[in-house]
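K.L.:
Okay, handing you the structure first.
The values are calculated or read from the model by the stated rules, or taken from the named source; none is laboratory data. Bear in mind the structure is a predicted one, so any value in this text is a computation, not a measurement. Cβ coordinates were reconstructed from backbone atoms using ideal geometry, including for glycine residues, and neighbour counts include every protein chain displayed.
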Amino acid sequence: MSGNDSGNKIKEPDFAELAAMKKTPSRASRLTTVVLLLLCIILTGAVLYKMFSAPPAEKELTASNTGLAAVNVSASPARTGDFIRISRMNGEIRRAGNDIMIYPDISSTGTVTEVLIDEGDMINSGDTVAYIDSSRPGSSYKTSPVIAKAGGIVTDVNVSSGERISSSTAIATITSNDDLVIKASIPEKFIGTLRRGMTAEFETVAYPGKMYKAVLTYIAPSVDPASRTTDIELAIIEDASGLMSGMYIKLNLETEHQSNVLMVPAAAIDEYLGDDVVFLADDGTARRQIVTIGSTNGTDTVILSGLSEGDLVITAGNVTDGTAISVV
């Protein structure tokens, strides 16, 4: 009995070895785990990409239909009127003609007894500017007035009291206000818009804030190749009091004037995919509209096509096509 038992004895399992085998996963199991992890990463990336890369049109649609509060905007109607563009430049007041000399009305010589004018004085035709004693030795003392034959600004006084002069001695030099002109240079790009008769305003350094008026009278027939400018000349109109040759001025010249054209505020013009556009306030919604624009002066822009008079264009407010808006 004992011999049979020893020959047929069943081997007891090694529990330590089984436990070690259970803790060590197979190669196939490890590969499956890696594949599942990769699939999870790919799916997560796809979801995130979908969330953050929606096309612009889809974003606009979502923004305008999610019940968000309307965007406050400012708007102004397209209007018909006169378009004016002003060019600002520097200039100088100069004399257009020759100086006017004042001479004494005496036959030979005399002595200056009194000078009544100083440089910078304004005088009128017929004013007395000096007195001359043209009497001869032994004769009665008698003075003769020196009368200005024209009015203007005294630019030079050539004599003083006690000086002996002759009939050919100039008592003073004056410049007529009518002879003062404005000289300036304008960039080449504005030449095509210039025409004689255009009006301008200017102010001087000597009298800041006081505006004078002038009119364009001359446009040079050539362009300076170095500065790419052309010379212009303007006549001073209306009041010219206080103006003198050599004064530096700031000139505002009307370089373009269009009548009866459709305009919108320049702030309303935007660009979209290479086109000029405006946004219309259309029944509580911003609507993009392609337009063709003309001249602009920084304040107004001429509209050649795409709008009608009275169309309400948005001038302030961050909107896109389809944005819900509230005009304030």
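K.L.:
Got a number for residues in segment 268-300 being outside any strand (DSSP E or B), out of contact with any Asp or Glu (no Cβ under 8 Å at 6 or more places or on another chain) and surrounded by 17 or more Cβ atoms within 10 Å (Cβ to Cβ)?
P.N.:
1
K.L.:
Test Ala206 against the criterion of being in the same structural domain as Ile236 (by TED's automatic domain parsing), small (Gly, Ala, Ser) and under 30 Å from Ala130 (Cβ atoms), and give yes or no.
P.N.:
Numbers: in the same structural domain as Ile236 (by TED's automatic domain parsing): yes; small (Gly, Ala, Ser): yes; under 30 Å from Ala130 (Cβ atoms): yes.
Considered against the rule, which asks whether it is in the same structural domain as Ile236 (by TED's automatic domain parsing), small (Gly, Ala, Ser) and under 30 Å from Ala130 (Cβ atoms), Ala206 comes out as yes.
K.L.:
Kindly evaluate Arg79 against the criterion of being over 18 Å from Ser241 (Cα atoms), surrounded by 14 or more Cβ atoms within 10 Å (Cβ to Cβ) and under 49 Å from the mean Cα position of the chain (by Cα).
P.N.:
Numbers: over 18 Å from Ser241 (Cα atoms): yes; surrounded by 14 or more Cβ atoms within 10 Å (Cβ to Cβ): yes; under 49 Å from the mean Cα position of the chain (by Cα): yes.
It is true that Arg79 is over 18 Å from Ser241 (Cα atoms), surrounded by 14 or more Cβ atoms within 10 Å (Cβ to Cβ) and under 49 Å from the mean Cα position of the chain (by Cα).
K.L.:
Scan Ala200, Ala206 and give me the residue that is farther than 20 Å from His257 by Cβ, free of Cβ contacts under 8 Å to residues at least 60 places away in the same chain and either touching a Cys at 6+ places or on another chain (Cβ under 9 Å) or of a type in the set (A, V, I, L, M, F, W, C) (or both). Break it down stepwise before answering.
P.N.:
Details: Ala200 fails: farther than 20 Å from His257 by Cβ.
Only one candidate passes the filter, namely Ala206.
K.L.:
Could you please find all residues in segment 73-131 being of a type in the set (Ser, Thr, Tyr) and within 30 Å of Met211 (Cα to Cα)?
P.N.:
Pass one, segment 73-131, residues of a type in the set (Ser, Thr, Tyr): 74, 76, 80, 87, 103, 107-109, 111, 113, 125, 128, 131.
Once the filter is applied, which keeps residues that are of a type in the set (Ser, Thr, Tyr) and within 30 Å of Met211 (Cα to Cα), segment 73-131 yields Thr80, Ser87, Ser125.
K.L.:
Which residues, counting only those in segment 106-125, are at pLDDT below 90 and surrounded by fewer than 14 Cβ atoms within 10 Å (Cβ to Cβ)?
P.N.:
Ser107, Ser108, Glu119, Gly120, Asn124, Ser125
K.L.:
Tell me, please, whether a residue that is surrounded by 10 or more Cβ atoms within 10 Å (Cβ to Cβ), assigned to a strand (DSSP E or B) and at pLDDT 75 or above can be found in segment 36-59.
P.N.:
No.
K.L.:
Right, here's the next one. Does any residue of segment 301-324 turn out to be modelled with pLDDT under 90, part of a strand (DSSP E or B) and surrounded by 13 or more Cβ atoms within 10 Å (Cβ to Cβ)?
P.N.:
no
K.L.:
Identify the residue in segment 126-137 that is among the polar types (S, T, N, Q) and either loosely packed, with under 13 Cβ neighbours inside 10 Å or assigned to a loop (DSSP other than H, G, I, E, B) (or both) and, among all such residues, is modelled with the highest pLDDT. Explain how you work it out, then say what you get.
P.N.:
Just the residues of segment 126-137 that are among the polar types (S, T, N, Q), to begin with: 128, 134-135.
With either loosely packed, with under 13 Cβ neighbours inside 10 Å or assigned to a loop (DSSP other than H, G, I, E, B) (or both) added as a condition, the list becomes 134-135.
Working: Ser134: 79, Ser135: 76.
Selected residue: Ser134.
K.L.:
May I pose another question? Evaluate the following for Leu262: is it on the phi < 0 side of the Ramachandran plot, surrounded by 15 or more Cβ atoms within 10 Å (Cβ to Cβ) and in contact (Cβ under 8 Å) with a residue 60 or more places away in the chain? Lay out the reasoning, then the answer.
P.N.:
Numbers: on the phi < 0 side of the Ramachandran plot: yes; surrounded by 15 or more Cβ atoms within 10 Å (Cβ to Cβ): yes; in contact (Cβ under 8 Å) with a residue 60 or more places away in the chain: yes.
It is true that Leu262 is on the phi < 0 side of the Ramachandran plot, surrounded by 15 or more Cβ atoms within 10 Å (Cβ to Cβ) and in contact (Cβ under 8 Å) with a residue 60 or more places away in the chain.
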